[in-house]
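The numbers here are math on the coordinates, done by the rules we state, and not lab data. Given the structure is predicted, the values throughout are model-derived calculations rather than measurements. Positions of Cβ are backbone-derived with ideal geometry, glycine not excepted, and every protein chain shown enters the neighbour counts.
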Amino acid sequence: MPKAETTDAGSRALDLASRVAGKRLVIVEEALKTHVAHWYEYDRAVCDIHRALGVETTVAAHTEISPDIRDSLPAEPVFTHTSWDHIYAHPDVWRRYVGIAHHNLRVYRTMNLFFSAYESFDCVFVPTVVIHHMIGWRALISRHMGRSFGRLVLLFRNNVGSYAPDSRLPTFKRNSVVWRHALRSFTPYVESGAVCLATDSERLATEYELVCGLRPVVFPSPRIAPPPKRSSGPGPATALGPYTFGCLGPARFEKGIGLLQAAMIRFLAANPAADVRFLIQWNQDVINPDGSIHRPDPALEADRRVVFLRDQIDSECYEQLLADIDCMVLPYQRESYFARISGVAVEAVTAGIPVIYTEDTWMEDLVRGVGAGLSIRSGDLDSLVDALSIAFAKREQLASEARARANMARNEHSAERFANLLWGLP
């Protein structure tokens, strides 16, 4: 970065710190228990950003939070239940609606006690909001806004609808009516600036605007990867080790894990002498649409070039995995990820790692804007196998392109941009 640009960035950071230093922030993350899933890394990034700015930060987490996470953030064990444990996933629709009401009541009761026990916060940030939380937070505003907290930021990271293969407009489920009324109830507080409805994707912002008429503010992802530790590009197989494809983040059906396994089998069979390996995070059960468990393919488990990462992955281990990966493979289903972001994709582009991604998704916007990689057709096995082959054949070119754009990606998802939006600063 040129000296003038570095000076400007430093000046902006000092100005931001002068405006928020000494303030109090609470991050509300009911599902935060262990290193499994995305909650810890996201919350840690937000905590790190604000620690550097002099903001006193607390995380309201699950009562089963592991001691090391509790101490590192710091976090307080608050929630006894989380909707992310699928405790309301009943086959009967009416029972699911009862579950929505029940969990909103739990959110209200839990945070009501929390706010009553703490000094007031300048900002409350809820990073993973779904229908099970909104009514509870609307009630908490009525009781606590202006006394227990000053600003509330609700971040929506999941779809309300889904996307047919030939459509860029979402199809909404019946419960979108509940979403509409719940979201619209925040209107006066959004208009006054006391509440910020937020998301992390322009596509997702459009989806929510179609639901309720309010357009959320689009936040960058705070999960910027550290620079890779490798001293040079991957090139041909060398002392740096085999060319490594990686798929990090919890394996899930909608992330294309079944397609990825089939493509790996074909690619490895077609390239028996290739010095490659695959690192696949698989440290929780993968559930098929019919409710059955999707398991690693025995042929891949027996292949020395495939490593299934079964254990919990802490921050140090995760950063090392990123440093070892030459190409991130994210064959997510377009139906689910047309509008949703991938934190793993952000980490890849900010670390200068090429990405294999599904075309016509948010990931395509990201990679074309600030990264490098190859697109595939959603759910298309031949397309993914071809992309793996091309990535391996053109590894030096793709690595060079990705590294050249890493700084641009890091600026796009900078800590400064994130903090300014969180606090509602210009």
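Between Leu425 and Ser315, the distance separating the two model label sites (each 7 Å from Cα on the Cα→Cβ line) works out to 2.1 nm. Remark: the Asn158-Ser116 segment gains 12.1 nm on full extension, using 0.36 nm per residue and subtracting the alpha carbon distance.
Could you work out the equivalent-ellipsoid semi-axes for the chain, taking the square root of 5 times each eigenvalue of the Cα gyration tensor, largest first, in whole Å?
Values for the chain, descending: 36, 26, 20 Å.
Annotation: the antiparallel percentage among DSSP beta bridges lying fully within the chain is about 10. Panel values: segment 243-410, Kirkwood radius from alpha carbon pairs, Stokes-Einstein at 20 °C and 1.002 mPa s, translational diffusion coefficient 135 µm²/s.
Just so you know, the averaged projected area of the alpha carbon convex hull for segment 44-96 sits at 4.9 nm².
Within segment 159-194, what residues put their amide N at less than 15 Å from the label point 7 Å along the Cα-to-Cβ vector of Ser142? Within reach of a label on Ser142, which here means backbone N under 15 Å from a point 7 Å along Cα→Cβ, segment 159-194 contributes 182-189. Distance from the alpha carbon centroid of segment 314-386 to that of segment 81-111 works out to 32 angstrom. Which value in nm describes the separation of the simple spin-label points at Ser389 and Arg109, placed 7 Å from the Cα toward the beta carbon? Taking the simple label geometry, Ser389 and Arg109 are separated by 5.9 nm. Please report the spacing between the Cα centers of segment 149-185 and segment 36-69 in Å, no decimals. Measuring centre to centre over Cα atoms gives 26 Å.
For segment 111-217, take the alpha-carbon Rg, divide it by the Kirkwood Rh, and send me Rg/Rh.
Computed over Cα atoms, the ratio is 1.01.
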